[in-house]
Amino acid sequence: MLTGSTSEISTFKGEQRALRADRIGAPALLLSVLAATAPLMVVAGVVPTTFATMGVVGVPLLFVIVGLVLILFSFGYAEMSRHVHNAGALYAYISRGLGGTMGACASYVALFAYSIMQVGLYGIFGYEISSQVAQHWNHNVAWWIPALGGVAITAIFGALKIDLNAKTLGVLLLVETLLTVVFDISFLSDPGPQGVSVHAFDPSTLSGAGLGTALCFTIAGFVGFEQAPVYAEETSDAQRVVSKVMFIAIGFATLFFAFSAWAITVGTGPDHVVGAAQEQGPNLIFSLNQARLGTAFTDTLNIFFITGIFASMLSFHNVVARYAFAMGRDGLLPSAVGRTSKSSGAPAVGSFLQSIVALAVVVAFAATDNGKFDPKFGPDPTAPVLRMFTWAGNVGALGIVLLMATAAIAVIAFFVKRGAAGVQAWRLVTSAVAALGLLTIAVYSVKDFSVLLGANPGHGLRWLLPGIIALAAAIGLVYGLILRAKRPEVHARIGQGNEAFQLEKAAAQASS
């Protein structure tokens, strides 16, 4: 697949076109992946918001259901990671199974979805810091000031070596996990008025108009486990490490989130959890802890809630940078994006671009009166949480759900084309079941999106926000078709990653 002279090929080879290998082992990879799921942020932020906004008591059961679907998905996904090592992960797998045009389509959905989720985190990050400053120092600081500080710090860390990032993420993850376990136990040992009830696991608790969006909220809590293959090029033993990390991460997330969500219903009482969450919002966990564990623990929890958000921001930032790098390397973005830093081996250009996007969104959101996108909603000091964080998180999660469903189908196509359908039969069955489950979640999420907004079904944002993912898919699809018609050699390279450049290098050496 020669595209030019040997001198042109030389610009594609070497370290600038490959992420630095052997940078991250199994423990560090696991910590990086789990940090993206942000256990404390999910338990203290996403879970109460789901109770409040969706009015669904059975959130713990939803975590179990979604976790099982994702475990089914992971059987085929993990096996695929043993055959394809590419920082483009989801879109690379889709390209290998369903062709370069679908890979191009998926790449833009992945870039948009992960970027939107990462940027949305700055809203809750800034809000929480400004709230703490007001509470402890009686000083009002606009949310966007600490949010901009978060953009700057994340940009600095994003340019560093991935192993240094992993150590930082690991320490924060371990502390916030320990704190969550402590308050879970306190809720169970000092339950609310209904005692230690398992009513939240009753299927009847899943009824309600917001079930679809509750599913999207729930799956957003899991987002991060699927990022393990993104680091395959940088691990010491990708064949074994990536799949092992993925299963540990999804198993941990399922048990941890279901248990913690159940503990919250015990602490308030299942009949009161929705009302309490609607009244106190993101402060629900801290209020429950204040009554049981006192001020010192609650203040510590607040600190690590914020650092947990930062850990998630950094983890998603790293993933977006690597997707952008993979797309630049594959010709889906300008080639400069597909180069790494000579000193750190990090995808420096992709990291820089994501920082610019985050800066622009935070500034734009702050300039629109704390997020007043529509006269119906009006100015609201909690807008960075209820709109920037919640809306962005659900839009991003919707995109990732669709990507995972498509990747599950691509896994089936990949092994069938390789003549391995018989050997991989049970994995193909689990992939098919997972694809159906994920598509069902996506359909219900779009159907109930108006519940998330608190608007009537005909409201413009009800279609505009999910439409962002459709727009990304359309851009990628059109570009993929253009590449197939105008630049077939680039189209053939989509999803091949560094393997394509190694083949070009070998071909150039053979012809010289």
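The values are calculated or read from the model by the stated rules, or taken from the named source; none is laboratory data. Nothing here was measured: the structure is a model prediction, and the numbers come from that model. Glycine gets a Cβ as well: all are built from the backbone with ideal geometry, and neighbour counts include every protein chain shown. Please note that ligands, DNA and RNA were not included when accessible areas were found on the heavy atoms of the full protein model with its side chains. Shrake-Rupley method; radii C 1.70, N 1.55, O 1.52, S 1.80 Å.
If you filter the range 256-297 down to residues that are more than 21 Å from Glu128 (Cβ to Cβ) and of a type in the set (S, T, N, Q), you find that the one that is surrounded by the most Cβ atoms within 10 Å (Cβ to Cβ) is Thr265. Select, from Ile468, Ile494, Ile475, the only residue that is touching an Asp or Glu at 6+ places or on another chain (Cβ under 6 Å), at pLDDT 85 or above and not acidic (Asp, Glu). Exactly one residue qualifies, and that residue is Ile494. Here Phe187 does not qualify as at pLDDT below 90, in a helix (DSSP H, G or I) and either crowded, with 17+ Cβ neighbours inside 10 Å or in contact with a His (Cβ under 6 Å, 6 or more places away or on another chain) (or both). Restricting to the range 202-223, what's the tally of residues that are at pLDDT 85 or above, open to solvent by less than 10 Å² (accessible area, probe 1.4 Å) and of a type in the set (Gly, Ala, Ser)? Of the residues in the range 202-223, 1 are at pLDDT 85 or above, open to solvent by less than 10 Å² (accessible area, probe 1.4 Å) and of a type in the set (Gly, Ala, Ser). Scanning the range 409-432 for residues that are exposed (fewer than 13 other Cβ atoms within 10 Å of the Cβ) and assigned to a helix (DSSP H, G or I) yields Lys417, Ala425, Trp426.
Taking the listed residues Ile264, Ile306, Ile248, the one that is more than 26 Å from Phe125 (Cβ to Cβ), in contact (Cβ under 8 Å) with a residue 60 or more places away in the chain, more than 16 Å from the chain's Cα centre (by Cα) and in a helix (DSSP H, G or I) is Ile248, with no other qualifying.
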